[in-house]
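Shown next, in structure tokens, is the structure this report addresses.
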Amino acid sequence: MSLRERIIHESLKLFSMKGFLSTSINDILETANTSKGGFYNHFTSKEDLFFEVLDEARRIWRERCLSGLDEIESPIGKIEKLLENYRDRYLKDTENLPGGCIFVTFSVELPDQRPHLAKEVNKGFVGLKNMLKRLLDEGKKQGELSNEVNTNFVTEMLFAGMVGASVIYGVDKSTDSLDRSINALINYLKELRE
């Protein structure tokens, strides 16, 4: 792992635990085992590093959460797999995200003090909601859901449930609680299919 990659990786972990605003450059230097010169040789500022960490966090999210979705024909089955992956492969990833979902951490701390950074984080939330809505609409079109199902409503329910599960898991670190929360969303989808 190069120094640049190590700084990004260690900052990802720090930001997930402490947030962007509460993590100092010295915290980053210490955990990445580098000097200010080593840091500034790769990044012009902490904010410059933020964007690199955000890109890495998005890559990890896609790698963990979207794994295996292409192998599933059913649009609703894809959402169920996404939820399972979100729980088992993303939120439980304590190596990269020891503090929990970094996007939730950013969304809580950044809007008031760094709204331009919060706007970047929100793009991912918008993208997730669009994906859920598209899959729900495809499922409805294919007859997996009845015509009475309001896909806008279900999209909001699923998104809020995912974020809520992440927040609760970040607070109590209980895998039982996380499993119950995500299983409730999966069961909700299964009930809509019947």
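The values are calculated or read from the model by the stated rules, or taken from the named source; none is laboratory data. Predicted model, so just to flag it, every value in this text is computed and none were measured. Cβ sites come from the backbone with ideal geometry, for glycine too, and all protein chains shown count toward neighbours. Calculation scope for accessible area: heavy atoms of the full protein, side chains included, ligands and nucleic acids excluded. Shrake-Rupley method; radii C 1.70, N 1.55, O 1.52, S 1.80 Å.
For the chain, report the accessible area per residue in Å² (1.4 Å probe, heavy atoms, rounded to an integer). It would help to have the intermediate numbers written out before the result.
Working: 9790 Å² over 194 residues.
Using a 1.4 Å probe on heavy atoms only, each residue of the chain averages 50 Å².
Taking θ as phi - 60°, what are the ³J(HN,Hα) couplings along the stretch 110-120 by the Karplus curve (6.51, -1.76, 1.60), each to the nearest whole Hz, with x for Gly and Pro?
8, x, 7, 9, 9, x, 5, 6, 4, 4, 5
Less than 17 Å apart at the alpha-carbon level, and either on another chain or at least 8 residues along: which lysines does that give for LYS36?
Straight-line reach from LYS36, under 17 Å: LYS46.
Pairs to check: LYS92/LYS123; LYS119/LYS141; LYS141/LYS173; LYS92/LYS140; LYS13/LYS123; LYS18/LYS81. Give those whose C-alpha atoms are more than 28 Å from each other in this structure.
Values: LYS92/LYS123 23 Å; LYS119/LYS141 33 Å; LYS141/LYS173 38 Å; LYS92/LYS140 31 Å; LYS13/LYS123 21 Å; LYS18/LYS81 30 Å.
Beyond 28 Å between Cα atoms: LYS119/LYS141; LYS141/LYS173; LYS92/LYS140; LYS18/LYS81.
Report, to the nearest whole %, how much of the accessible area of the stretch 43-194 belongs to carbon and sulfur atoms, 1.4 Å probe, protein only. Don't skip to the end; give the middle numbers.
Working: 3720 of 7660 Å².
Exposed carbon and sulfur together represent 49 percent of the surface.
When the expected Rg is taken as 2.2 N^0.38 Å, what fraction or multiple of it is the alpha-carbon Rg of the stretch 132-194? Don't skip to the end; give the middle numbers.
Working: Rg = 13.1 Å, N = 63, 2.2 N^0.38 = 10.6 Å.
Computed over Cα atoms of the stretch 132-194, the ratio equals 1.23.
How much solvent-accessible surface does VAL171 expose, in Å² to the nearest 10, with a 1.4 Å probe and all protein chains in place?
120
Can you show me the helix-derived [θ] at 222 nm for the chain, built from DSSP H runs with n ≥ 4 at -39,500 (n - 2.57) apiece and divided by the number of residues, rounded to the nearest 500.
When only DSSP H runs of four or more count, the value is -24000 deg cm²/dmol.
Given 10 Å bins starting at zero, what is the percent of C-alpha pairs of the chain in each, up to the one with the largest pair distance?
For the chain, the binned pair fractions read 9, 34, 31, 18, 7, 2, 0 percent.
So what is the relative contact order of the chain, in percent, for Cα pairs below 8 Å that sit 6 or more residues apart? Present the calculation step by step, with values, prior to reporting the outcome.
Details: 177 pairs, mean separation 43.7, N = 194.
The normalised contact order for the chain reaches 23 percent.
Calculate, in nm to one decimal, what ASN183 and LEU3 gain on full extension: separation in residues at 0.36 nm each, minus their alpha carbon distance. Please report the intermediate quantities before stating the final value.
On the way: separation 180, 0.36 × 180 = 64.80 nm, distance 3.99 nm.
So the chain would gain 60.8 nm between ASN183 and LEU3.
Fully extended, how many nm does the chain gain between PHE159 and ASP176 (0.36 nm per residue separation, minus their Cα-Cα distance)? Present the calculation step by step, with values, prior to reporting the outcome.
Working: separation 17, 0.36 × 17 = 6.12 nm, distance 2.00 nm.
Gain in length upon complete extension: 4.1 nm.
Subtract the Cα-Cα distance of ILE72 and ASN130 from 0.36 nm times their separation in residues, and report this length gain in nm to one decimal.
Numbers: separation 58, 0.36 × 58 = 20.88 nm, distance 1.88 nm.
Difference between extended and current length: 19.0 nm.
Where in the stretch 98-158 are there GluC sites (Glu not before Pro) that are in a DSSP coil and have at most 16 other Cβ atoms within 10 angstrom of their Cβ? Before the final figure, lay out each step's value.
On the way: sites: GLU109, GLU120, GLU138, GLU144, GLU148, GLU156; in loops: GLU144, GLU148.
For GluC sites (Glu not before Pro) across the stretch 98-158 that sit outside H, G, I, E and B with at most 16 neighbouring Cβ atoms in 10 Å, the list reads GLU148.
Percentage of Cα-Cα pair distances in the stretch 8-90 greater than 17 Å, rounded to whole percent?
Details: 1859 of 3403 pairs.
Distances greater than 17 Å cover 55 percent of the Cα pairs.
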